[in-house]
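Below is one structure, written out as structure tokens, with a few remarks after it.
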Amino acid sequence: MRRVVLLLVLVGATSMVVAQYYDRWGRRNRNPLPAEMQWEVEPNFKRDVFTFVRIQYGSYGRRGGWDTDFPDSDYNFSFRLQQLTALKVNPQPVILQLTDPELFSYPWIYIIEPGRLAFSSEEVVALRRYLLTGGFLMVDDFWGEDEYENFYNEIKRVFPEREPEELPVEHPIFSCVFPLNAKPQVPNIRVGHDSQYTGVTWERWDAQTPHYKGIFDDKGRLMVIICHNTDLGDGWEREGDDPWYFEEFAEKRAYPLGINIIFYAMTH
């Protein structure tokens, strides 16, 4: 944990000066990106950098949450990954649907707020093929039993023969870059800010315990990490909004685990 704090304290001031803008839907956007969040990708190796790929999906009942925390979390995480690791990173995140042929050009994808997610039959086939041929899926930011049940039912359509397995804190994904002694719970910024007074870091009464579950292929490779009862994306998105939230949740939990997940996915 000391390594995490020392590394991020050195760059923490950056988060407080990044200007924020709004797009035509009223969502916060960075357009143009501040100079410190722009870097050149070697022209001959544009396909050989890590790209943050967010999946756009359909939902039951209401507008989907696929764009939650977008675009700030995607830009911030890409920036921190480039800044804090030796990995070469694309400064421009990508949004794809699972049926896009370009999906197979990227080794890592991200689905957020899957509590009302609804895969089409074509998406089920595409996601299964993507994961079994080497892709990695990170699922984040859903809370409570109802939302988990919905996601579970949808991912079982993809892998009816496989069960999500709880990852023990001893799993290397919790220590491969930054050592974490416990499974981190990252709440939204309101709950996170109030937690310094309340001690509460969960968003729902039935979501008090963070769970990190994995789905493995036949050779034991982790294909999917399911981050339930936690919101790493808000830790990335909101890093510049509140100093205490940054220090307690972005710096100590959301970024270290996010970087661990990328490192583990890209080396296994």
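Report the charge-dipole magnitude of the chain in Debye, nearest 20, computed about the Cα centre from +1 at each Lys and Arg Cβ and -1 at each Asp and Glu Cβ. Could the numbers behind the result be given before it?
Working: 28 positive and 40 negative charges, 100 e Å.
Its charge dipole is roughly 480 debye.
Carbon and sulfur atoms: what percent of the 1.4 Å accessible area of the chain do they account for? Before the final figure, lay out each step's value.
Values: 6360 of 12390 Å².
Using a 1.4 Å probe with all protein chains present, the chain comes out at 51 percent carbon and sulfur.
Enumerate the amide H contacts of residue 50 below 5 Å, restricted to partners 5 or more residues apart or on another chain; note that Pro and chain-start residues carry no placed amide H.
Answer set, sorted by chain and number: 88, 89, 90.
Can you tell me the dipole magnitude for the stretch 67-145 around its Cα centre, using point charges on the Cβ only (Lys, Arg +1; Asp, Glu -1), in Debye to the nearest 20?
Working: 5 positive and 12 negative charges, 84 e Å.
It works out to roughly 400 debye.
When the Karplus curve 6.51 cos²θ - 1.76 cosθ + 1.60 is applied with θ = phi - 60°, which whole-Hz ³J(HN,Hα) does each residue of the stretch 228-244 get, with x for Gly and Pro?
In residue order, the calculated couplings are 10, 6, 6, 9, 4, x, 5, x, 6, 4, 9, 4, x, 8, 8, x, 5 Hz.
Rounded, prolate or oblate for the stretch 141-268? Axes are the square roots of the Cα gyration tensor eigenvalues, ordered a ≥ b ≥ c, and the cut-off for rounded is a/c under 1.5.
Because a/c hits 1.5 or more and a/b fails to exceed b/c, the stretch 141-268 counts as oblate.
Please work out how many pairs of lysine residues in the chain are eight or more positions apart (or on different chains) and have Cα atoms closer than 28 angstrom.
11
Which of the listed residues, 89, 186, 226, is farthest toward the dipole's positive end in the chain, when Lys, Arg count +1 and Asp, Glu count -1 at the beta-carbon?
Ranked along the dipole, the leading option is 89.
With θ set to phi - 60°, apply the Karplus curve 6.51 cos²θ - 1.76 cosθ + 1.60 along the stretch 100-110 and write out the HN-Hα couplings as whole Hz, x wherever there is a Gly or Pro.
Per-residue couplings from phi come out as 6, x, 5, 3, 6, 8, 10, x, 9, 9, 10 Hz.
Enumerate the calculated ³J(HN,Hα) couplings along the stretch 211-222 in order (Karplus 6.51 cos²θ - 1.76 cosθ + 1.60, θ = phi - 60°), each rounded to whole Hz, writing x wherever the residue is Gly or Pro.
10, 10, 10, x, 10, 10, 8, 5, 9, x, 6, 6
Rounded to the nearest 0.05, what FRET efficiency do residue 196 and residue 36 have when you use their Cβ-Cβ distance and R0 = 25 Å?
On the way: r = 29 Å, r/R0 = 1.14.
That pair, residue 196 with residue 36, gives E of 0.30.
What is the magnitude of the charge dipole of the stretch 121-170 about its Cα centre, with +1 placed on the Cβ of each Lys and Arg, -1 on the Cβ of each Asp and Glu, and no other charges, expressed in debye to the nearest 20? Don't skip to the answer; put the middle values down first.
Working: 5 positive and 14 negative charges, 97 e Å.
Using only the charged Cβ atoms, the result is roughly 460 debye.
In square angstrom, what is the accessible area per residue of the chain with a 1.4 angstrom probe? Write down the numbers at each step before the final one.
Details: 12390 Å² over 268 residues.
In whole numbers, the chain has 46 Å² accessible per residue.
For residue 218, what charge total do you get from the other residues with a beta carbon under 11 Å from its beta carbon, if Lys and Arg give +1 and Asp and Glu give -1? Before the final figure, lay out each step's value.
Working: positive: 162, 219, 221; negative: 161, 217.
Combined, the nearby Lys, Arg, Asp and Glu give +1.
For a quick check: with amide H placed at 1.01 Å from N, whose amide H comes under 5 Å from residue 178's, ignoring anything fewer than 5 positions away on the same chain?
260
Counting Lys and Arg as +1 and Asp and Glu as -1, what is the net charge of the other residues whose Cβ lies under 10 Å from the Cβ of residue 95?
Details: positive: 54; negative: 67, 74, 100.
Result for the neighbourhood of residue 95: -2.
The values are calculated or read from the model by the stated rules, or taken from the named source; none is laboratory data. What you are looking at is a predicted structure, and each value in this text was computed from that prediction instead of being measured. Cβ sites come from the backbone with ideal geometry, for glycine too, and all protein chains shown count toward neighbours. These accessible areas exclude ligands, DNA and RNA; they are computed on the full protein's heavy atoms, side chains included. Shrake-Rupley method; radii C 1.70, N 1.55, O 1.52, S 1.80 Å.
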